[in-house]
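A.B. asks: The structure is given below, and queries will be raised subsequently.
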Amino acid sequence: MLAAILSLGGIGLIAAVALGFAAKKFAVEVDPRELAALEVLPGANCGACGFPGCAGYAKALLAGSIDLNQCPPGGADTVAKLAHILGVEASAATREIAVVLCQGDNRKAQIKYHYLGLEDCTAAQRIADGPKICPGGCVGLGSCLRACPFDAIEMTADGLAVISREKCTGCRKCVAVCPRNVIRMTPYEAAVHVLCNSHDKGALIRKYCQIGCIGCNICKKTIPDAYKIENFLAEVVYEQDAEAAEAISKCPTKCIRDFSVAYPDGSVQLPAGTDKPHAA
Amino acid sequence: MADLLLILVSAIFVNNFVLARFLGICPFLGVSKKVETALGMGMAVTFVMTVATVVTWFVQYFVLIPFGIEYLQTIAFILVIASLVQLVEMVVQKVSPILYQSLGIFLPLITTNCAVLGLAVLSIQKDYTFLEGVVFAIGAALGFTLALVLFAGLRERLELCAVPQSFRGTAIALVTAGLLSLAFMGFAGLVKG
Amino acid sequence: MSQQLYLSSSPHIHSGETTAKVMRAVIYSLLPACGVAVYFFGPSALSVLLIATLGCLATEVVCQRLMGQPVTIADGSAAITGILLALNLPPSSPWWMTLFGAVVAIAIGKQVYGGLGSNPFNPALVARVVLLISFPVQMTTWSAPAPFGSGLDLVTTATPLGEWKNAVMLTGQMPAEMQGSMMNYFLGNMPGSIGEISALALLLGAAYLFYRRILTWHIPTAFIGTVILLSGLFWLINPEKYPNPVFHMVTGGLILGAFFMATDMVTTPVSTRGMLLFGVGCGLLTVLIRLFGGYPEGVSFAILLMNAATPLIDRYTRPKTFGTLQQEKVQ
Amino acid sequence: MSLKTFAGGIHPPDNKQWSSHKAIEDCPLPAEFIVPLAQHIGAPSVACVEVGQQVSKGDEIGSAKGFVSVPVHAPTSGEVTAVENRPHPWGTSLPAVVIKADGEDRWSTELQPADPSELSPDEIIEKVRLAGVVGMGGAAFPAHVKMSPPPEKKISTLIFNGVECEPYLTADHRMMLEEPERILQGVALLQYVLGAEQVVIGIEANKPDAIALFEKHCAGTPVEVMPLQVKYPQGAEKQLIAAVTGKEVPSGGLPMDIGVAVHNVSTAAAITDAIIHGRPLIERVCTVTGPAIREPKNLRIRIGTPLSHLVEVCGGLVEEPGKIILGGPMMGFTQLGFDVPATRGTSGLLLLRAEDVSSHPESPCIRCARCVQACPINLLPTTIAAYARRDLLAEAAEYCAMDCIECGSCSYVCPSTIPLVQAIRYGKAAILAKKRSTQVS
């Protein structure tokens, strides 16, 4: 018995001394705040912050000089926690989501040629500015879908990207990858959007797209505060969009949509889970 | 000499620790995403295994047996191995931060790794001499590294494959590990014992 | 006009070779071996061939349906897996074992990885090895050939390699007298798996693939060359115990393996050096397992093991990019 | 004796029989010319004429901007009717000068022939630059840049590219047959300027008549005619150098790094015009061919001629084309219509029928390694493409994506019809963009 205790204790003692020595000799300093920051980050490593993964972001935060709200997937919650860890005031981050400002799928928008080749919007865009006549519309080859780390984007059967309001975390990966700048960041609260991205004149748009904005000004006349028209393209003014939905029925080309209600005519199929009204 | 060679070949191929004895599956699955990392892990394991076998051999024959406390083998070995790995971890963190980062949490995992403990215990069970024990340890570690690197290569390739959503990650890794182990069955009977 | 205009990135012309054409050519090349098998083993070989092929096709359809993918059995790859699997089975294989093998080959060997082009291991060999380990009795029950019209029944016997291995295990010596002659082995008149028996028929098929430029010489040459060299070496050392290289060539699955299994493009290296290395590795492992291992035949295991090493081989045998050789010399 | 060539490459059917026997015809002038200001690699030129201005043939209408740039000249006499964005062969709308021909086709009086023996190399280079001479093989790299290597890079070997490895095209072939003197005068000028000891004209063995003719002309001169094995892409600069000298241009380097310069035979002819006749580059030979054109021809065209005019001159269309390709089928660019003009790089106009367009759907890579064997740069095209498509740019770069010359051999042989070149091109663009953005930040 005694031998057992002694020998085990002896081994333990030797090990302890060796470890203690090594802990001193090979000590590496790690800022505890960095580990804490890494813990509160979502760990999706999506890169939306612009740093290589969450660990990179945590390191950058510690180094200072960047804002705390660079992590869209984490949202306000994470910002608050990070602020607590780093001991600074949190700047409020409002939830933003990405919206595809186009409804011109293969049935509604005309093409100028048949594209053969890589299933990638950027690659197609390099060939005579993309197969669709419309210079601003969704190319429809799904680059955003492949870029989305959260599975929030679907392509409709007719080749149009649609982003789920609920799944989108606002990481902006799709915005970065879209060659036509047709995906925009919008406040989550704003559900009404003008779904067109072509600045062409109305007469021209009518030739190639059944559902593009022709810049007719009717929406602005109906609710002057909520809309602005620039270069023949209407846009929702997101700070003053409370009554924007009232113009929907007036739009002659049906290019204004309210994502908080289901599509009555089913003209655009939304991914499951997106067509239910959000808490308004 | 021939005996030593047989022990070596047997430990690398025929009784490969991962693919035939199914020891050390955790690091096998965890640290096999990149060939470089797998190699680093293999080195770490080789080092730990060899040193662990040496130390446990001494502990067994100079402490446990003389004092008649062989029944404490498991706990004594774990103690020794655990402190050893801690030591390795600290050294690696200091000497090569990059290797430390890529091995990540798996270094501490070797601490209580069944492969290392299993090796130490097997070596004693087989009544290996000191030299045989060391060769056995090196063979086992090389076998582990071989399996790990082969597997990492396969997984790197799988990254570029259209693996169905439901099988991505660990699922397909386990299927692949199974098939790899199946292929290693071909070595059966190569060396008796 | 613009409605029919195509635009694309260059190049705008194509060789016209398609995956389906390649696969079809491989199927044609396997037909002589199938024919010889049916001649020597009769209806049992035919039924194994049919069950394996249809089983693979059906499994592919089911898997792709389940995963909601387009069904691609028309590309012929599943049929090839089926035929190759059948060629690797004994003619006396029970129907359920063949079917099980077909399901394993396609479901676990291929579709789990994402279908054509993604599987790291040769699906037919995966199935063969699974069967060999799961049903050792059925998988090692061999029949002596009973050529069509000879009136003979199929009689259970051992393969030449098995015969040799048993003798060596028992006596440490070559059996005094092997049952068959080299010529019979070459033509296919010997017990063995359905496809491995006739080296002649297999070589015929391989010649067609060479002609179609679907096979390159690298892997088969390196594979068979290594086997001949290594087995020759052992034979020279001890001809009493080890059989001569020609015996190694014409018995067992070496020809089938070297020309049709080890050359499966999906699971082998892409560079020339890689292919040579792959072939040499296959040859080494085959001889190692045949002469010293527990199994009489090592071709399938050798190829599977080298399949596993393929990504590493690819990685370390990358061709030198144009214009980088001289730079290294300068440095 | 087997002929020299390079490693890798492919053997597509050459389809030159459509036009190789047709003598070069002068293309009648169209009523309107659209002369793009960006016709060469490097900075585009800037318009120096105004709407309404009268110009003579050979007048400068766009001036060079920077060293890697050349001026653009009026292809005929007439009135400038517009300076605006017009559809360009590169696929978008780019600035162009539109000239309404007055039918007189009168040369500018400022152009003077010169005696080359009185000119110094630097004067010749300057004249070549002012004449707007660019590489006529298709890449359109300004010739004067290639003629003025830095002093420490001595050019010892000068190679002339008479390979014309692109299927269908026969413009260079006809030039060599019909105007050997014009080419050889340029060859002599370039040799004089660069001071090269060895001069080689590489011609593929499928043009035996051109080889025989040049051997006759070059007998007794230092110029060596080298027949080469028929293989695509032998006309690519690095491959031609490898075929002729056996040397490899270093990865990321230029031919001058190993003391070699390569010029197209048509470029040599253009240099002859510029120096001896004092004429700027306003015309070139272009092959109009393909199954959809009624009468394939080799035409001497003015730069800025709309494609629709070329189609008309060649008897119109047999049927609506499925693909309109400027350049050869391996590296040419598809066009949206016939309203774009021919530029200095337009070596051919190829019209394919819809049924000739290979539109086989892509299937998974079966790792058959044909692309690896075909790649003249020894790359693993399938691996690079796979990485590029997944935006794994670091890996793609590690597999030498930037060394790809986009010759199209891999896509041509791929049995899975994977758009390998397009994927690699996409990856290259992404790698460059990333490099730029990290340099900025």
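A.B. asks: How large is the helix-only mean residue ellipticity at 222 nm for chain D, computed as the sum of -39500 (n - 2.57) over DSSP H runs with n ≥ 4, divided by its residue count, in deg cm²/dmol to the nearest 500?
C.D. replies: Mean residue ellipticity at 222 nm (helix-derived): -8000 deg cm²/dmol.
A.B. asks: OK, next. Could you work out the mean count of beta carbons from other protein chains within 10 Å of each residue's beta carbon in C:306-317?
C.D. replies: For this peptide, the per-residue mean of nearby foreign Cβ atoms is 5.
A.B. asks: Could you tell me the calculated FRET efficiency between D:S117 and D:A31, based on Cβ-Cβ distance and R0 = 45 angstrom, to the nearest 0.05?
C.D. replies: Efficiency for this residue pair is about 0.60.
A.B. asks: Lysines near A:K25 by alpha-carbon distance under 16 Å, same-chain residues fewer than 8 away left out - which ones?
C.D. replies: Cross-link targets: B:K94.
A.B. asks: In degrees, nearest 10, range 0 to 90: what is the angle between the Cα axis of helix C:199-211 and the longest Cα principal axis of chain C?
C.D. replies: Between helix and principal axis, roughly 10 degrees.
A.B. asks: How big is D for the range C:87-130, in µm² s⁻¹ as a whole number, if Stokes-Einstein is applied with the Kirkwood radius of its Cα pairs at 4 °C and 1.567 mPa s?
C.D. replies: 123 µm²/s
A.B. asks: Modelled label-to-label distance, C:V155 and B:L4, 7 Å Cα→beta-carbon offset: nm?
C.D. replies: Between C:V155 and B:L4, the label points sit 5.3 nm apart.
A.B. asks: Can you give the FRET efficiency for D:A433 and A:K59, using 1/(1 + (r/R0)^6), R0 = 30 Å, r = Cβ-Cβ distance, to the nearest 0.05?
C.D. replies: For D:A433 and A:K59, the calculated efficiency is 0.75.
A.B. asks: In peptide D:388-395, how many Cβ atoms from other protein chains are near each Cβ within 10 Å, on average?
C.D. replies: Per residue, the average neighbour count from other chains is 3.
A.B. asks: Using only the alpha carbons, work out the radius of gyration and Dmax of the protein assembly as shown in angstrom.
C.D. replies: For the protein assembly as shown, the Cα-based Rg and Dmax read 36.1, 120 Å.
A.B. asks: Evaluated at 20 °C with a viscosity of 1.002 mPa s, what Stokes-Einstein diffusion coefficient in µm²/s does the range D:118-187 have when Rh comes from the Kirkwood expression over alpha-carbon pairs?
C.D. replies: Estimated via Stokes-Einstein, D reaches 154 µm²/s.
A.B. asks: Gaussian network model of chain A, Cα springs within a sub-10 Å range: biggest mean-square fluctuation belongs to which of A:A191, A:A23, A:A60?
C.D. replies: Sorting by GNM fluctuation, first place goes to A:A23.
A.B. asks: What three numbers, in Å, describe the spread of the alpha carbons of the range D:114-263 along their principal axes, ordered from the longest?
C.D. replies: 38, 37, 29
A.B. asks: Name the GluC sites (Glu not before Pro) in the range D:1-100 that are in a loop by DSSP and that have at most 10 other C-beta atoms within 10 Å, would you?
C.D. replies: In loop regions of the range D:1-100 (DSSP not H, G, I, E or B), the sparsely surrounded GluC sites (Glu not before Pro) are D:E50.
A.B. asks: Looking at chain A, identify the longest residue range that excludes and avoids all GluC sites (Glu not before Pro) in DSSP loops having at most 16 other Cβ atoms within 10 Å.
C.D. replies: The longest uninterrupted stretch comes out as A:30-88.
A.B. asks: Taking the alpha carbon gyration tensor of the range A:101-202, what are the square roots of 5 times its eigenvalues, largest first, to the nearest whole Å?
C.D. replies: 22, 16, 12
A.B. asks: Computed FRET efficiency, Cβ-Cβ of D:A82 and C:T272, R0 60 Å: what is it to the nearest 0.05?
C.D. replies: Efficiency at R0 = 60 Å is approximately 0.60.
A.B. asks: If you count, for every residue in C:289-298, the Cβ atoms of partner chains within 10 Å of its Cβ, what is the mean?
C.D. replies: 4
A.B. asks: What are the membrane-span-like helices in chain D by this rule: whole DSSP H runs, Cα extent along the axis at least 18 Å, mean Kyte-Doolittle hydropathy at least -1.0?
C.D. replies: D:180-194, D:420-440
A.B. asks: Would you be so kind as to identify which of D:C218, B:Y100, D:G235 lies farthest towards the positive end of the dipole of the protein assembly as shown, taking Lys and Arg as +1 and Asp and Glu as -1 on Cβ and the Cα centre as origin?
C.D. replies: With unit charges placed on the Cβ atoms, the residue in question is B:Y100.
A.B. asks: What does the helix-only formula give at 222 nm for chain A: each DSSP H stretch with n ≥ 4 adding -39500 (n - 2.57), the total divided by the residues, and the result rounded to the nearest 500 deg cm²/dmol?
C.D. replies: -8500 deg cm²/dmol
A.B. asks: Moving to a separate point now. Pick from B:T145, B:T50, B:T129: which is most flexible by mean-square fluctuation in a GNM of chain B where alpha carbon atoms under 10 Å apart are linked?
C.D. replies: Between B:T145, B:T50, B:T129, it is B:T129 that shows the largest mean-square fluctuation.
A.B. asks: Note down the nm distance, to one decimal, between modelled labels 7 Å out along Cα→Cβ at A:Q240 and at C:L54.
C.D. replies: The two pseudo-label positions are separated by 7.5 nm.
A.B. asks: Let me ask something else. Looking only at GluC sites (Glu not before Pro) in DSSP loops with at most 13 other Cβ atoms within 10 Å, what is the longest site-free stretch of chain C?
C.D. replies: The segment C:1-176 is the longest one with no such site.
A.B. asks: Treating the angle as unsigned and between 0 and 90°, give the value, to the nearest 10°, between the Cα long axis of helix A:53-63 and the longest Cα principal axis of chain A.
C.D. replies: It works out to around 70 degrees.
A.B. asks: Which percentage, to the nearest 5, of the DSSP beta bridges contained in the protein assembly as shown is antiparallel?
C.D. replies: 65 percent
A.B. asks: Of the residues D:M402, D:M136, D:M226, which exhibits the maximal mean-square fluctuation in a Gaussian network model of chain D defined by a 10 Å Cα contact cut-off?
C.D. replies: Highest fluctuation among the options: D:M402.
A.B. asks: As I understand it, the value is the acute angle between the Cα axis of helix A:75-86 and the longest principal axis of the Cα atoms of chain A; what does it come to in degrees, rounded to 10?
C.D. replies: 30 degrees
A.B. asks: Here's a follow-up. Can you pull out the trypsin sites (Lys or Arg not before Pro) in the range B:107-193 that DSSP calls coil and that have at most 14 other Cβ atoms within 10 Å?
C.D. replies: B:K126, B:R168, B:K192
A.B. asks: Quick check: pseudo-label points 7 Å beyond the Cα along Cα→Cβ at C:E240 and C:I73, how many nm apart are they?
C.D. replies: The answer from the label model is 5.7 nm.
A.B. asks: Taking only DSSP H segments of four or more residues, each worth -39500 (n - 2.57), what value at 222 nm results for chain B once the sum is divided by all its residues, to the nearest 500 deg cm²/dmol?
C.D. replies: My calculation for chain B gives -22000 deg cm²/dmol from helical runs alone.
A.B. asks: List the trypsin sites (Lys or Arg not before Pro) within the range D:52-155 that fall in a DSSP loop (any state other than H, G, I, E or B) and whose Cβ has at most 15 other Cβ atoms within 10 Å.
C.D. replies: Here the sparse-neighbourhood loop sites are D:K65, D:R106, D:K153, D:K154.
Read-outs: derived from the displayed coordinates by stated rules, not from any lab. Computed from a prediction, not measured in an experiment: that's the story for all the values here. Ideal geometry is used to build each Cβ from the backbone, glycine not excepted, and the neighbour counts take in all protein chains shown.
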